[in-house]
Amino acid sequence: MITAERKPLPEIKEMIAPYRKVLLVGCGSCVAECASGGEKEVGLLASALRIDAKMHGHIIDIKEITLDRQCVYEFIDQLTGIAGQFDAILSLGCGAGVQALADTFPGIIILPALNTTFIGQTKDAGLWIENCRACGDCKLSYFAAVCPITRCAKGLFNGPCGGSQNGKCEVDADVPCAWQLIIERLEKTGRLELLQNIYQPVDWSRQLGKGPRKIHREDQSA
Amino acid sequence: MGLDAMTQNKNELNIVVFFCEQLDLNQDKNRRVLEKELGTSIKFFPLPCSGRIEPLHLMRAIEAGADKVFLITCPEGACRYREGNLRAEKRLAFTQGLIEEIGLEKKRLELIRSKGGAEMTIHERVKEILKREENVNTSPLKLQ
């Protein structure tokens, strides 16, 4: 899932200051899971903005809606006929969602209420941890499904650095040593021999330096 | 502003009380004693467990004009759903952070952890709470 965090309120207030009618649009997918942009969070932000406006004698009309997913046109289409009634849309989607809205409604001001952060997993209630960098050159099969790019602070591909203490990274003691995890899991699954291989660096040209990436599947197109 | 002052100045402070209905199984009847006494100055919202509270409930209460919002939970260790009162505490703390961000005092939201021991009706509990000198003024939302 993509994780995000709500921007500081002063930043959001400054963004919407010029507008009288604002539609807050949430997303029921990743950002709902990480409690930053789902229906509850839309309600909270709308309430906070209304209270703030009332306290300062500002007039603002705030409405709320949450789409199942903000990055897919079929869901964004729910806003057709509604979006034009507002001066601006404050999106609580990730960066993909904000831009998908803007692509669909190019004549409407779309503003981001969140800072999109990383691809990660829900490790525990209220805890999300990054575990993928979307490098486009996945080598998880070699590393017992522990990504050394993301989870090793030094991004090492060929063995531990030797600096870990009690299974924790020497760069950040809160972070488990990724290579300890890799070795433990390779051992558990009977694949320790994979450690003998020398792995080439990630092909970063797949991710960087070529502009926005895309995937096109003819079999999926209309 | 304590209970006597509230009774005299019914239209001044608006109090909202969210509470766990396990604290008083006859809460439906008992809370009406205070509702009758204080009229629209007080609103009660029973919850099946204080852990059912959401930050949004607290925000909407403030948005609707509450000057003070209480959340009354069962005593520590006595929640029939084990952690409900602990979750309630965390959610109230989260909401306090949110209202502080917009310039409201966090004391407008207050958690009251019931103490174990003698059974009290909900209106007796709230009366005890309201006897304290309140330390909030009229909400700035109403001053606009």
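The values are calculated or read from the model by the stated rules, or taken from the named source; none is laboratory data. Everything quoted here is computed from the prediction, not taken from an experiment. Here the Cβ positions follow ideal geometry from the backbone for every residue, glycine too, while neighbour counts run over all protein chains shown. Heads up: the accessible areas ignore ligands, DNA and RNA and are worked out on the full protein's heavy atoms, side chains in. Shrake-Rupley method; radii C 1.70, N 1.55, O 1.52, S 1.80 Å.
Some points to look at:
- Test: residue A:170 is open to solvent by 40 Å² or more (accessible area, probe 1.4 Å), touching a Ser or Thr at 6+ places or on another chain (Cβ under 7 Å) and free of Cβ contacts under 8 Å to residues at least 40 places away in the same chain: yes
Condition check ((1) open to solvent by 30 Å² or more (accessible area, probe 1.4 Å); (2) part of a strand (DSSP E or B)) across all residues:
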site: A:98; (1), (2): no, no
site: A:103; (1), (2): yes, no
site: A:106; (1), (2): yes, no
site: A:123; (1), (2): yes, yes
site: A:130; (1), (2): yes, yes
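- Looking across A:29, A:36, one residue alone is of a type in the set (Ser, Thr, Tyr) and within 14 Å of another protein chain (Cβ to nearest Cβ). It is A:36.
- Scanning the stretch A:71-83 for residues that are over 26 Å from residue A:150 (Cα atoms) and open to solvent by 70 Å² or more (accessible area, probe 1.4 Å) turns up A:73, A:74, A:78, A:80.
- Output for the stretch A:84-93, where each listed residue is open to solvent by 20 Å² or more (accessible area, probe 1.4 Å) and either part of a loop (DSSP other than H, G, I, E, B) or not assigned by TED's automatic domain parsing to the domain that holds residue A:31 (or both): A:86, A:87
- Test: residue in the stretch A:43-65 that is surrounded by fewer than 17 Cβ atoms within 10 Å (Cβ to Cβ), more than 14 Å from chain B (Cβ to nearest Cβ) and touching a residue at least 60 places away in the same chain (Cβ under 8 Å): no
- The listed residue being part of a loop (DSSP other than H, G, I, E, B), more than 30 Å from residue B:91 (Cα to Cα), out of contact with any Gly (no Cβ under 8 Å at 6 or more places or on another chain) and open to solvent by 90 Å² or more (accessible area, probe 1.4 Å), out of A:160, A:212: A:212
- Residues located in the stretch A:139-152, provided they are among the hydrophobic types (A, V, I, L, M, F, W, C) and surrounded by 15 or more Cβ atoms within 10 Å (Cβ to Cβ): A:143, A:144, A:146, A:147, A:149, A:152
- Filter pass, residue B:102 being within 14 Å of chain A (Cβ to nearest Cβ) and either more than 14 Å from the chain's Cα centre (by Cα) or basic (Lys, Arg) (or both): yes
- Applying a threshold of 9 Å to beta carbon distances and a minimum spacing of six or more residues, or different chains, the list of pairs starting in the stretch A:142-154 at a residue that is at positive phi and ending at one that is polar (S, T, N, Q) and open to solvent by 10 Å² or more (accessible area, probe 1.4 Å) reads A:144/A:189.
- Selection count, the stretch A:13-44, where residues are of a type in the set (A, V, I, L, M) and part of a helix (DSSP H, G or I): 6
- Check on residue A:194, free of Cβ contacts under 8 Å to residues at least 40 places away in the same chain, farther than 30 Å from residue A:211 by Cβ and open to solvent by 30 Å² or more (accessible area, probe 1.4 Å): no
- Figure legend. Inter-residue proximity from the stretch A:176-187: first residues in a loop (DSSP other than H, G, I, E, B), second residues open to solvent by 50 Å² or more (accessible area, probe 1.4 Å), beta-carbon distance below 7 Å, spacing 6+ or different chains. Indicated pairs: A:177/A:160; A:177/A:168.
- Of all residues in the stretch A:1-30, those that are farther than 27 Å from residue A:58 by Cβ and either of a type in the set (A, V, I, L, M) or in contact with an Asp or Glu (Cβ under 8 Å, 6 or more places away or on another chain) (or both) total 5.
- Strands (runs of 3 or more DSSP E) lying entirely in the stretch B:27-144 (those with 2 or more residues that are crowded, with 17+ Cβ neighbours inside 10 Å and of a type in the set (Val, Ile, Thr)): B:68-73
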